[in-house]
Amino acid sequence: MAMAMASTLSVLLLLCLAAAASASPPLSPQFYAKSCPRALATIKSAVTAAVRSEPRMGASLLRLHFHDCFVQGCDASVLLSGMEQNAGPNVGSLRGFSVIDSIKTQLESICKQTVSCADILTVAARDSVVALGGPSWTVPLGRRDSTTASASLANSDLPGPGSSRSQLEAAFLKKNLNTVDMVALSGAHTIGKAQCSNFRNRIYGGDTNINTAFATSLKANCPQSGGNSNLANLDTTTPNAFDNAYYTNLLSQKGLLHSDQVLFNNDTTDNTVRNFASNAAAFSSAFTTAMIKMGNIAPLTGTQGQIRLSCSKVNS
């Protein structure tokens, strides 16, 4: 009896040890403190310089992180050449790859195969917001890079510019992000630009919830046919400042994309938009909370995945 109990306890102990060994370690802000202490400063310096040179790059790097995390988690799959990059929501519009590649080259020179491309993307998104006057937050680190990417998942999981409020909510809820997270993360559109093809229908009669003068002003650079890649600021008020003007624009029916204006259209998200429009601190707090949650979507950790030597291709 005693021997059987001891044997059972031994088996349970081994199972517990095996479970502990296979459990993915949590992300930690101090992950590179010893292995690459200059990592965060290197990323920040490069991002700050890139955004100073071209303010739009801040929005592009933030968007890269979002488009990465919504497709199989924050694993830098979006950086692999082809595949996700050729998906509908990404092709011809994702930017910032050269900035990430430059950062990776710098980090490889000081800490060989230590800092993942997934972590570079996550930190670069935070530093882009800060560079444009937005809030800062502590980024948990320790993500590893995927060896796969999925164009089909990018097509199915990334919400598009024509999405309804309920479609947006469903897409975010699928990633364990609630409605307030969704409205806050949409505030990333306080910076950056959109292509004419993504808002043409809205300004030529497709939507009634649009300020008439605003629509007219946009038609000058977005004809009914042609000019698909012509650009307009997502926030016409302060296009290069990360602030809460995006929400005040929505109150005036000056959201550029259909998926922007649906957040304020006599619906369940109206009060959240009003709150963020009148309270910049409330927006900043909600945005940083949502960014940390988004950065925690299904990361690869421990021995999962790899640390890519080049962000655009899997290690040979």
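Need the C-alpha centroid separation for region 185-237 versus region 73-92, integer Å.
About 24 Å separates the Cα centre of region 185-237 from the one of region 73-92.
Please list, in order along region 62-72, the HN-Hα scalar couplings obtained from phi with the Karplus expression 6.51 cos²θ - 1.76 cosθ + 1.60 (θ = phi - 60°), rounded to whole Hz, x for Gly and Pro.
5, 5, 4, 5, 4, 5, 6, 5, 7, 10, 6
State, as an integer percentage, the relative contact order of region 38-158 based on alpha-carbon contacts under 8 Å between residues 6 or more apart. Could you put the intermediate results ahead of the total?
On the way: 171 pairs, mean separation 48.9, N = 121.
Over region 38-158, the number comes to 40 percent.
Could you sort Arg38, Arg56, Arg274, Arg308 by accessible area so the largest value comes first, with the probe set to 1.4 Å?
Solvent-accessible surface, decreasing: Arg38, Arg274, Arg56, Arg308.
With the Cα gyration tensor of region 41-104 giving a ≥ b ≥ c as the square roots of its eigenvalues, does the rule (a/c under 1.5 for rounded; else a/b larger than b/c for prolate; else oblate) give rounded, prolate or oblate?
prolate
What FRET efficiency do you get for Gln167 and Ser98 if R0 is 25 Å and r is their Cβ-Cβ distance, rounded to the nearest 0.05? If you can, show how the numbers build up before the last one.
On the way: r = 33 Å, r/R0 = 1.30.
Once rounded, the FRET efficiency stands at 0.15.
Which value, in Å³ per residue, describes the convex hull spanned by the Cα atoms of region 165-294? Kindly include the intermediate steps, with their values, before the conclusion.
Working: hull volume 13.4 nm³, N = 130.
Given the Cα convex hull of region 165-294, per-residue volume reads 103 Å³.
Pairs to check: Lys44/Lys112; Lys112/Lys175; Lys112/Lys313; Lys44/Lys313; Lys44/Lys293; Lys44/Lys174. Give those whose C-alpha atoms are more than 26 Å from each other in this structure.
As for pairs spanning more than 26 Å Cα to Cα, those are Lys112/Lys175; Lys44/Lys174.
Express in % the proportion of alpha carbon pairs of the chain at distances exceeding 29 Å.
On the way: 19364 of 49770 pairs.
Looking at the chain, the distances longer than 29 Å represent 39 percent of pairs.
Could you list the residues of region 111-151 with an amide nitrogen less than 18 Å from a label point located 7 Å from the Cα of Arg38 in the Cα-to-C-beta direction?
It comes to 111-116, 120, nothing else.
Explain nothing, just compute: Karplus ³J(HN,Hα) = 6.51 cos²θ - 1.76 cosθ + 1.60, θ = phi - 60°, for every residue of region 237-250 in order, whole Hz, x for Gly and Pro.
Taking θ as phi minus 60°, the curve returns 6, 9, x, 10, 10, 7, 9, 9, 4, 3, 6, 5, 4, 4 Hz for region 237-250.
Ignoring ligands, DNA and RNA, what percent of the 1.4 Å accessible area of region 165-294 is carbon and sulfur?
Numbers: 2590 of 5590 Å².
The nonpolar share, carbon plus sulfur, comes to 46 percent.
The values are calculated or read from the model by the stated rules, or taken from the named source; none is laboratory data. Worth saying up front: this structure is predicted, and the values here are computed from it rather than measured. Note that we place each Cβ from the backbone using ideal geometry, even for glycine, and neighbour counts take in every protein chain shown. For accessibility, only protein heavy atoms count, side chains too; no ligands or nucleic acids. Shrake-Rupley method; radii C 1.70, N 1.55, O 1.52, S 1.80 Å.
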